[in-house]
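The values are calculated or read from the model by the stated rules, or taken from the named source; none is laboratory data. This is a predicted model, so every value here is computed, not measured. Positions of Cβ are backbone-derived with ideal geometry, glycine not excepted, and every protein chain shown enters the neighbour counts.
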Amino acid sequence: MFTREDMSSLVNIAFKWNQRGDILMKSVLATGNMTLMDSGKRCLRVVILALGLTLASTNVLSETIELSEETQACLDCHDKESKQKKLDNGEQLSLHVSAKAFTASMHKETDCEDCHSDIDEKTHGKVAIDITSRRDYALGMQDSCLTCHKKKVTEYGDSVHAAMIKEGNQKAPLCSDCHQPHTVLSSKIVEPIAATPCARCHEDIFKAYAQDVHGIARVAKGSSAPICADCHQTHNVKAASMGTGVKDSCISCHKDSVKQHQDWLPNTERHFSAISCPACHAPNAQRRVNLRLYDSATKLQVSEKSGVPQFDKRTNAADANNQGLNERALWSLLKEFSQSGDDSKTVLQGRLEVSSGVEAHQLSDKSKAIKDCDTCHKKGAEPFQSVTLTIAGPDGRPLRHGVQNDVLNSLMSIDSVRGFYVIGSTRIKLLDVLLVLVVLGALTVPIAHMSVKRLFKNMREKLEAERATTQAAADENNAPESHPSHRSQP
Ligand code: HEC
Ligand code: HEC
Ligand code: HEC
Ligand code: HEC
Ligand code: HEC
Ligand code: HEC
Ligand code: HEC
Ligand code: HEC
Ligand code: HEC
């Protein structure tokens, strides 16, 4: 049997390692919007039980582990709960390392000095060392994982979290924020309570997730529905709205999803590339159009260089009253962000997405998903009322500035918002007419697909011609100097 002391260190292990798990999620589900802390306390009993059973069944504690003499010597001083040190910023650093928890951890065969190689035996413990803060100390220890976990260190080094740390962010996770090095258990042992360290920092998103179609499926039905890392990766986490990583992960599980949508959604691939999955699958979310500054030469989103903040400076200058960028301001920004050189051109790429991170995690079951073409393809459609301009910040996360929504209606913008004219909601009447055809066509399946394709080919050509004419007219009406179409002209 476990003694009380065992139990309390077990609970410590559980909470230190991750502080969250499916059990917590269950309690979030059960308790609605109670804070995670509260729910954590309430389900302590369950945690004790589950962990006790898990550990008992794997016999972790009954193994006898020989610690090296050196490690034992360190523990002689450090296995004392009262041991603390006051840091420069006033925080208390607990110097307690539990021999019991350490012996039960995955690092039981790792010596203290493998990680703490800078300890000077002669002066250690006698001469006080200056430590600014707990964070600072953990940051200094970060490299100690490299010797033995090169692969994870490399993956993590590529992540948005690591990039934030390089930019001086104090809140992004270090290895030791997710893995308490003295008590770390195998991810396999912990698996049954599927602890996710992500929840501690992304609490609001976790709560939303816990009540969406995947969270419910995973907790209530115990299915293999995804948790954070399945969609975002564990170590190599990238900014969510950049690239296609998250979408690719959806499709890697929902292998038939393109086919399933094709049955009713024409041009599925284009819809998928212009609309984020939650924009249709989180039906109560607010949607917005994200105009991404995109370099058509490098095929990458324009990004800001570290230490040279341009975006906020330029957008604020172009939008002094903070009412959103108007069309003229947008054009001049396009020009400013264009690299010098002829083959590089900055364009805008439209993308329909939900307007907050929380909403991206409110996916509901398929019967509630947006199917009505009118939601988007009608004049004044809701998703087109909110518009934002983004570039990639130095850490990879998007930087944003508001745009006036009538910019979308402007014919002149079309050249740049290529691939994002939305039938009905823009002023392109020809396309409106076409929508009717498409909708009718969609009812008489397979022929419809053929004719729709052909129609679109003709349409595009017509549109190009129409645009060229409008363009010429607009140019004569002294369009702003910065119009991109001038760039390639002599
Ligand atoms: C796998 C690497 C690793 C091993 C093995 C290790 N430590 Fe640590 N230790 C760290 C890291 C990383 C930190 C700082 C981060 C943290 O704890 O949040 C740390 C912090 C500490 C601290 C400061 C207080 C604290 O918890 O932050 C003490 C004291 C300490 N370790 C003692 C020991 C002793 C004693 C041993 C051997 C029984 C040991 N460590 C084994 C990596 C390790
Ligand atoms: C004689 C008792 C004693 C022994 C043995 C001892 N420590 Fe400490 N340790 C201390 C004291 C006291 C402090 C606080 C020092 C201070 O105030 O800066 C400390 C602080 C630490 C810290 C916090 C950071 C720092 O350097 O102040 C770490 C990490 C640490 N010890 C690791 C170890 C490791 C690893 C060993 C074994 C190689 C070890 N200790 C052996 C007494 C001891
Ligand atoms: C001296 C080598 C060494 C160092 C340094 C080291 N580890 Fe480990 N680590 C190990 C060994 C050995 C295991 C046992 C797991 C195994 O067999 O792969 C392990 C296991 C782990 C596991 C559990 C893996 C699993 O199976 O779930 C995590 C997490 C981990 N280490 C994180 C860290 C972190 C974080 C650091 C830096 C603070 C660190 N390690 C530093 C040797 C090391
Ligand atoms: C944001 C939280 C987070 C950070 C930061 C993090 N890890 Fe992990 N790590 C996890 C989780 C969760 C798992 C277990 C599930 C998985 O592998 O996806 C894990 C698994 C591991 C494993 C075991 C993997 C295996 O397949 O055996 C090792 C080793 C490891 N991490 C080392 C590190 C090191 C070293 C760092 C720092 C460079 C680090 N981790 C940073 C969350 C994190
Ligand atoms: C089913 C896949 C999936 C799961 C599971 C998931 N996410 Fe997401 N996450 C997304 C999508 C999709 C987006 C929005 C991406 C976009 O804009 O295209 C997103 C966006 C985010 C963002 C960026 C929010 C912002 O402000 O832009 C964060 C942070 C995030 N997720 C964290 C988490 C955490 C933490 C968890 C676990 C509690 C989690 N995610 C679980 C798919 C997922
Ligand atoms: C120690 C705190 C901490 C932990 C643990 C943590 N994160 Fe983060 N993460 C942050 C902070 C701070 C940011 C930047 C602010 C923000 O976007 O919320 C961030 C940003 C992100 C972003 C980019 C947001 C964007 O704009 O696209 C994603 C995605 C993300 N985290 C996912 C995860 C996932 C998945 C996990 C678990 C494997 C995790 N985080 C664990 C602190 C953490
Ligand atoms: C234009 C809106 C829209 C977009 C964009 C969209 N979906 Fe759907 N999706 C739906 C609707 C509506 C249904 C329900 C169709 C039905 O039941 O006839 C659905 C059904 C599904 C289903 C259930 C399929 C089945 O038949 O069981 C999955 C899984 C799915 N979508 C995943 C995705 C993924 C992944 C993405 C992003 C790559 C995505 N969806 C993008 C509207 C959309
Ligand atoms: C790890 C695999 C995995 C990933 C990644 C994943 N899903 Fe799922 N998804 C599932 C499973 C399993 C279910 C079934 C849940 C259940 O049993 O009801 C599901 C259910 C759904 C449903 C409800 C389908 C229905 O029949 O009502 C939708 C919609 C959906 N997922 C969309 C997405 C989107 C969008 C993404 C990416 C942002 C995504 N999924 C990522 C595994 C995954
Ligand atoms: C959530 C919003 C949304 C919904 C719902 C939606 N669409 Fe679209 N649709 C778009 C967007 C955005 C584009 C522009 C895509 C692009 O050009 O990259 C588009 C483009 C199109 C195109 C033109 C494709 C091309 O090649 O230019 C057709 C045709 C179309 N949609 C038909 C439909 C039909 C029919 C439905 C209903 C079954 C529908 N859409 C539902 C947003 C939506």
Next item on the list: Answer with yes or no whether residue 320 is more than 16 Å from ligand 4 (Cβ to nearest atom) and at pLDDT 85 or above.
Entry: yes
Next item on the list: Return the only residue of 187, 176, 159 being more than 15 Å from ligand 8 (Cβ to nearest atom) and farther than 27 Å from residue 95 by Cα.
Entry: 159
Note to self: Condition first: within 14 Å of ligand 3 (Cβ to nearest atom), surrounded by fewer than 17 Cβ atoms within 10 Å (Cβ to Cβ) and hydrophobic (A, V, I, L, M, F, W, C). Now tell me which residues in region 130-182 satisfy that.
What the structure shows: 138, 139, 141, 146, 148
Next item on the list: Give just the number: which of (1) in a loop (DSSP other than H, G, I, E, B); (2) surrounded by 15 or more Cβ atoms within 10 Å (Cβ to Cβ); (3) under 18 Å from the mean Cα position of the chain (by Cα) does residue 265 not satisfy?
Entry: (3)
Check: Can you spot a residue in region 278-289 that is within 27 Å of residue 330 (Cα to Cα), part of a helix (DSSP H, G or I) and within 13 Å of ligand 9 (Cβ to nearest atom)?
Finding: yes
Margin query: residue 188 - would you say it is over 22 Å from the mean Cα position of the chain (by Cα), farther than 23 Å from residue 365 by Cα, at pLDDT below 90 and of a type in the set (Lys, Arg)?
Written below: yes
Checklist line | Answer residue from region 229-260, given it is over 30 Å from residue 298 (Cβ atoms) and of a type outside the set (Asp, Glu) and is nearest to ligand 6 (Cβ to nearest atom) among those | finding: 253
Next item on the list: Might you check whether a residue that is away from ligand 4 (no atom under 16 Å from the Cβ) and in contact with a Gly (Cβ under 6 Å, 6 or more places away or on another chain) occurs anywhere in region 270-278?
Entry: no
Margin query: Just to be sure I understand, how many residues within region 268-277 are exposed (fewer than 14 other Cβ atoms within 10 Å of the Cβ) and within 16 Å of ligand 6 (Cβ to nearest atom)?
Written below: 0
Next item on the list: Filter region 290-339 down to residues that are farther than 16 Å from residue 387 by Cβ and in a strand (DSSP E or B) and give me whichever is nearest to ligand 5 (Cβ to nearest atom).
Entry: 301
Notebook entry, point to check: How do the pairs read when you match residues in region 215-240 that are surrounded by fewer than 19 Cβ atoms within 10 Å (Cβ to Cβ) with residues anywhere that are of a type in the set (Gly, Ala, Ser) and not in a helix (DSSP H, G or I), using Cβ under 6 Å and keeping only pairs 6 or more apart or on different chains?
Noted result: 217/223; 217/225; 236/159
